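These notes concern the structure reproduced below.
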Amino acid sequence: MNYAERKSQVELLIEWAKEEKFNDNEITVYDDFFAEGGIENPGKMTEQDAINFIKFLDRCDASNEFIASALTRLAQLAPASVVSQILESDVDGDGLTLAQELKLGTKATEYNTSAQIAAARQQQYQAFPSRDSDFEL
């Protein structure tokens, strides 16, 4: 996937995230997580704040599900350019962006070998066959 396609996917994710609803308890949990990551006011995040938050994500032991939900909340508050920077980062240095890691289900904060990445992609395609496949129930 080239840069333009990744960028378009990230923009779609941000638009989708803005439509998600969170209850008061969830908002408190995610806002506390942001504060722990050094983000006091997500609406005023800068590129440097994004870099610092990416480093925080690399050190935290949160699950992909929690990170995805937290980033969904962050997309509702922070500038789109900052959220894009976070989603397009390669937190663990394995060649996959954070958005790709979350989509594949590979651990976003741990380096994945090429074999692990290939296995995750294979599993993803088995779970979501294309219209043209011979998949039958």
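In the stretch 44-87, how many residues are open to solvent by 30 Å² or more (accessible area, probe 1.4 Å), touching a residue at least 24 places away in the same chain (Cβ under 8 Å) and part of a loop (DSSP other than H, G, I, E, B)?
Final tally of qualifying residues: 3.
Out of all the residues in the stretch 1-26, which are at pLDDT 95 or above and assigned to a helix (DSSP H, G or I)?
Those that are at pLDDT 95 or above and assigned to a helix (DSSP H, G or I): 24, 25, 26.
Please work out if residue 93 is at pLDDT 85 or above, exposed (fewer than 14 other Cβ atoms within 10 Å of the Cβ) and part of a loop (DSSP other than H, G, I, E, B).
On the way: at pLDDT 85 or above: no; exposed (fewer than 14 other Cβ atoms within 10 Å of the Cβ): yes; part of a loop (DSSP other than H, G, I, E, B): yes.
No: the conditions fail for residue 93.
Is it the case, given these coordinates, that residue 11 is among the acidic types (Asp, Glu), in contact (Cβ under 8 Å) with a residue 60 or more places away in the chain and either touching a strand residue (DSSP E or B) at 6+ places or on another chain (Cβ under 8 Å) or surrounded by fewer than 18 Cβ atoms within 10 Å (Cβ to Cβ) (or both)?
Working: among the acidic types (Asp, Glu): yes; in contact (Cβ under 8 Å) with a residue 60 or more places away in the chain: yes; either touching a strand residue (DSSP E or B) at 6+ places or on another chain (Cβ under 8 Å) or surrounded by fewer than 18 Cβ atoms within 10 Å (Cβ to Cβ) (or both): yes.
Answer is yes for this residue.
Under the condition of being part of a helix (DSSP H, G or I) and closer than 14 Å to residue 62 by Cβ, which residue from the stretch 27-43 is least open to solvent (accessible area, probe 1.4 Å)? If you could, list the steps in order and put the result at the bottom.
Within the stretch 27-43, the first condition is being part of a helix (DSSP H, G or I), and the residues that meet it are 27-36, 42-43.
Keeping just the survivors that are closer than 14 Å to residue 62 by Cβ gives 29-30, 32-34, 36.
Working: 29: 62, 30: 23, 32: 94, 33: 20, 34: 2, 36: 134 Å².
Taking the candidates together, the pick is 34.
The values are calculated or read from the model by the stated rules, or taken from the named source; none is laboratory data. None of these values were measured; they are calculated from a predicted model. As a convention, Cβ positions derive from the backbone with ideal geometry for all residues, glycine included, and neighbour counts pool all protein chains shown. Note: accessible area is taken over every heavy atom of the protein model, side chains too, but ligands, DNA and RNA are not part of it. Shrake-Rupley method; radii C 1.70, N 1.55, O 1.52, S 1.80 Å.
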